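Undergrad: I'd like to ask you about the structure that follows.
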Amino acid sequence: MANYCIIVGMGEGNGMAIARRFAKEGFTLVMMARNEQKLQSYQSTLQAEGITSHYFLADAGDEAELNTALTAIQDQLGVPAVLIYNAAVPRMENMLQTSYETLVNDFRANVAGAMTCIQAVLPAMQSQQQGTILFTGGGFALYPQPDFVSLSIGKAGLRVLANTLHAALKDSPIKVGTVTICGTVNGDDPKYSSDRIAEEYWQLHVSDNLDYETVY
């Protein structure tokens, strides 16, 4: 198993903080997102900090793109030690505004993409009898926000996905966890800064895996 961490849905907030936290422990980073310009910027920033990273293009809502990227990653780098699903569509619409098509499309990125990623890396992790799969959850799963209906449904679905995966792998050495973030990520907030939140991912990775969820 290679000592690298895949972050699906790489971004400048939690994504970069998680990348730095795992890099601090010697991990190489593999970033996935659909915007190559942003990925190149993240890679340049990390490189300037002495952090080795790679990036692959994929839309979290596109099953074929995810599978192509994750196959290429494993072919080139081996079995990942950690997979973190950090993708979400933060659409601000209420139930009366949202169309069927919008709800379904958002669900692909918010939930179904996570399942695709799990299915792409889990067989190799199981063959190695080790690995960690983590998810970026949200307080909307516990306290739905009417003005963010698709994201509320998505975070609830992701929480159920994490719960059921944890149960399915309870007798396995593979760890599963989700960080349910019950606040707005803000670098100036002593609790909800990206660096503080990133620490919760690391703690789930090194934990005994008895509890799949950290409500933060």
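Undergrad: So which lysines pass the test for Lys175, namely a Cα distance under 21 Å, with those fewer than 8 places away in the same chain ruled out?
TA: Partners found: Lys24, Lys155.
Undergrad: In addition: Could you check how much of the accessible area of the stretch 36-97 is carbon and sulfur, as a whole percent, using a 1.4 Å probe?
TA: Answer for the stretch 36-97: carbon and sulfur cover 47 percent of the accessible area.
Undergrad: For the stretch 134-175, what size does the Cα cloud have along each of its three principal axes, sorted from largest down, in whole Å?
TA: 39, 13, 13
Undergrad: I want the local charge near Pro146. Using Cβ-Cβ distances under 15 Å, sum +1 for each Lys or Arg and -1 for each Asp or Glu among the other residues. Kindly include the intermediate steps, with their values, before the conclusion.
TA: On the way: positive: Arg91, Lys155; negative: Glu93, Asp147.
With Lys, Arg at +1 and Asp, Glu at -1, the net is 0.
Undergrad: Also, quick follow-up: Order of 172-180, 43-51, 118-126 by packing, highest average Cβ count within 10 Å first?
TA: Final packing ranking: 172-180, 118-126, 43-51.
Undergrad: Here's another thing I want to ask about it. Running Debye on the stretch 96-152 with equal point scatterers at the Cα sites and no solvent, what base-10 log of I(q)/I(0) appears at q = 0.17 Å⁻¹?
TA: -0.68
Undergrad: Can you give the local net charge around Glu65? Use residues other than it whose beta-carbon is closer than 9 angstrom to its beta-carbon, Lys and Arg +1, Asp and Glu -1.
TA: Once positives and negatives cancel, what remains is -2.
Undergrad: Does the stretch 91-209 classify as rounded, prolate or oblate by the C-alpha gyration tensor (a ≥ b ≥ c root eigenvalues; a/c under 1.5 gives rounded; else a/b over b/c gives prolate, otherwise oblate)? Intermediate results must be reported in sequence, preceding the final value.
TA: Details: a/c = 2.57, a/b = 1.35, b/c = 1.91.
Judged from the Cα gyration tensor, the stretch 91-209 comes out oblate (a/c at least 1.5, b/c at or above a/b).
Undergrad: If you don't mind, another one. Based only on Cα atoms, what Rg/Rh ratio does the stretch 145-216 have, Rh being taken as Kirkwood's radius?
TA: 1.02
Undergrad: Now a separate question. Just want to confirm a number: the relative contact order over the chain, from Cα pairs under 8 angstrom separated by 6+ residues, in percent.
TA: Result for the chain is 21 percent.
Undergrad: Which three numbers, in whole Å and largest first, are the semi-axes of the equivalent ellipsoid of the stretch 31-73 derived from its Cα gyration tensor as √(5λ)? Write out the running numbers ahead of the final one.
TA: Numbers: eigenvalues 95, 24, 6 Å².
Here the semi-axes work out to 22, 11, 5 Å.
Undergrad: Another question, then. Go from 0 up to the bin containing the longest alpha carbon distance in the chain, width 10 Å each, and give me the % of pairs per bin.
TA: Going from the shortest bin to the longest, the percentages are 9, 36, 40, 15, 1.
Undergrad: Counting only heavy atoms of protein chains, what accessible area per residue, in Å², does the chain have with a probe of 1.4 Å?
TA: 48 Å²
Undergrad: Could you give the DSSP H helices of the chain that reach 24 angstrom or more along their long axis (alpha carbon positions) and whose average Kyte-Doolittle hydropathy is no lower than 0.0?
TA: The answer, listed by residue number, is 149-168.
The values are calculated or read from the model by the stated rules, or taken from the named source; none is laboratory data. Please read these numbers as outputs of a predicted model, since none were measured by experiment. Quick reminder, even Gly has a Cβ in these numbers, built from the backbone with ideal geometry, and neighbours come from all protein chains shown. These area figures cover heavy atoms from the full protein model, side chains too; ligands, DNA and RNA do not enter into them. Shrake-Rupley method; radii C 1.70, N 1.55, O 1.52, S 1.80 Å.
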